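The structure appears right after this line, and notes come after that.
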Amino acid sequence: MKYMLLMYADESVVPNFTPEEHQKAAQAWYAFGKEAEAAGVLVSNNRLLPVTEATTVRVRNGKTLVTDGPFAETHEQLGGYYLLDCQDLDGVIRWAAKVPLAVYGSIEVRPLNQWSQS
């Protein structure tokens with residue numbers, strides 16, 4: 001089953017890393033990606049640009065409303081995702097706990113709706 005791991009954190013935390021912390025974090029991210037790839041569970045992943053680059057679109061009463069920024073003001077912002085293919089929820093939770101961001105942010109695990117192509 002495919003699961004989306006949505007990674008949330010306070011965007012102001014990462015820019016305050018020291019050079020040593022950035023190096024350590026980069027190594028942790030690289031190691032996680034390689035481990036997930038080697039295990040055959042990694043389908044795709046990507047990092048999002050900061051919320052300052054976001055645009056929100058709504059349609060109300062037939063009119064398209066476009067606003068700059070994310071749809072909600074929160075302490076944590078969606079910063080990226082991993083799409084994993086795991087046997088079950090327990091397995092994907094073990095992977096989510098390994099995501100480096102989990103130590104200072106949160107990982108939302110969402111199963112994908114598997115539409116049949118009949």
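None of the figures in this text is laboratory data; all of them are computed from the coordinates on show. For clarity, every value in this text was computed on a predicted model and none was experimentally measured. Virtual Cβ from ideal backbone geometry, glycine too; neighbours counted across all protein chains shown.
Please state the charge dipole magnitude for region 1-51, taken about the Cα centre, from unit charges on C-beta atoms (+1 on K and R, -1 on D and E), reported in debye and rounded to the nearest 20. Before the final figure, lay out each step's value.
Numbers: 4 positive and 6 negative charges, 45 e Å.
Dipole size: approximately 220 debye.
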What's the magnitude of the charge dipole for the chain around its Cα centre, counting Lys and Arg as +1 and Asp and Glu as -1 at the beta-carbon? Answer in Debye, nearest 20. 400
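Quick check for the chain: number of Lys pairs with alpha-carbon distance under 22 Å, counting only pairs 8 or more apart or on different chains?
Working: Lys2/Lys34; Lys2/Lys98; Lys24/Lys34; Lys24/Lys98; Lys34/Lys98.
Lysine pairs meeting both conditions in the chain amount to 5.
Give the relative contact order (percent, whole number) for the chain; include only Cα pairs under 8 Å separated by 6+ residues. All intermediate terms of the calculation are to be shown ahead of the outcome.
Details: 166 pairs, mean separation 57.6, N = 118.
In percent, rounded to a whole number, it is 49.
Calculate, in whole percent, how much of the Cα-Cα pair population of the chain lies beyond 22 Å.
Details: 3067 of 6903 pairs.
More than 22 Å apart: 44 percent of the Cα pairs in the chain.
Just flag the GluC sites (Glu not before Pro) in region 12-118 sitting in loop per DSSP whose Cβ has no more than 16 other Cβ atoms within 10 Å. Walk me through the numbers before you get to the answer.
Numbers: sites: Glu20, Glu21, Glu35, Glu37, Glu53, Glu73, Glu76, Glu108; in loops: Glu73, Glu76.
Qualifying residues, ordered by number: Glu73, Glu76.
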